Amino acid sequence: MKNTFKTAAIAALFAFNVAVMGGGAMAAGAHSSGHGGTATGQPGKAADVDRTIAITMSDNFFEPEEIKVKEGETIRFVVTNKGEFLNEFNIGTAAMHAAHQVEMAKMMEHGMIEADRINHDKMKMDQSSGGMKGMSMAHDDPNSLLLEPGKSGEIIWKFTKATELEFACNLPGHYQSGMMGPLKVK
């Protein structure tokens, strides 16, 4: 088996997450509809970007550790995964992250994501059975990036109102081990 240590590590993190979060039902709504919206702002336009913030993800931490933006500001986040594991950069409220963690655990359970990669073939498959009914698992939300090791991507996001948000990695065990930070909109 390829890299048994990584597989064992992610299995342990997954088991920890299930123990902490419970194995309960999936959050309401489809994966691709529950992560953006008015609580966090809205997708921005490249022509309206006020500034760029570089984000580095590694295994269980982000750099910078906190982000401050202004109400109405449009930010280009350039995100790079320098870790050995699959990581996510997701903008949301604490409640949104809690719901998304359950979805990400299901994705791992069904082999759609693995410790260090996205299984693109399984992501495209019909997931209408095994607790996945009605779930769109493309992971293509405008406020979230799922990146394999060594990959980069960007999000352009407009922060429409002052609020307290978080940026986080919602893969099993990552949030619980500290892979999250405050995103303050003033």
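Filter the range 64-120 down to the residues that are open to solvent by less than 50 Å² (accessible area, probe 1.4 Å), in a loop (DSSP other than H, G, I, E, B) and closer than 19 Å to I53 by Cβ and list them by number.
Passing the criteria: P64, G72, E73, G83.
Considering the range 155-180 alone, what residues qualify as being surrounded by fewer than 17 Cβ atoms within 10 Å (Cβ to Cβ) and within 20 Å of N60 (Cα to Cα)?
Scanning the range 155-180 gives Q176, S177, G178.
Kindly provide the set of residues from the range 135-154 that are part of a strand (DSSP E or B) and either farther than 24 Å from A46 by Cα or open to solvent by 40 Å² or more (accessible area, probe 1.4 Å) (or both), ordered by number. Break it down into steps so the answer makes sense when it comes.
As a first pass, look at the range 135-154 and keep what is part of a strand (DSSP E or B): 144-147, 152-154.
Selection gives S152, E154.
If you scan the range 33-48, which residues turn out to be at pLDDT 95 or above, open to solvent by 40 Å² or more (accessible area, probe 1.4 Å) and assigned to a loop (DSSP other than H, G, I, E, B)?
K45
Among the residues of the range 155-171, which ones are over 11 Å from the mean Cα position of the chain (by Cα) and within 17 Å of Q42 (Cβ to Cβ)?
Result: I155, I156, W157, K158, F159, T160, K161, A162, T163, L165.
Can you name every residue in the range 144-175 that is polar (S, T, N, Q) and at pLDDT 95 or above? Talk me through it step by step, then tell me what you get.
As a first pass, look at the range 144-175 and keep what is polar (S, T, N, Q): 144, 152, 160, 163, 170.
Selection gives S144, S152, T160, N170.
Of (1) modelled with pLDDT under 95; (2) under 14 Å from the mean Cα position of the chain (by Cα), F89 satisfies all except one. Which?
Failing condition for F89: (1).
The values are calculated or read from the model by the stated rules, or taken from the named source; none is laboratory data. Source: prediction; values computed, not measured. As a convention, Cβ positions derive from the backbone with ideal geometry for all residues, glycine included, and neighbour counts pool all protein chains shown. These area figures cover heavy atoms from the full protein model, side chains too; ligands, DNA and RNA do not enter into them. Shrake-Rupley method; radii C 1.70, N 1.55, O 1.52, S 1.80 Å.
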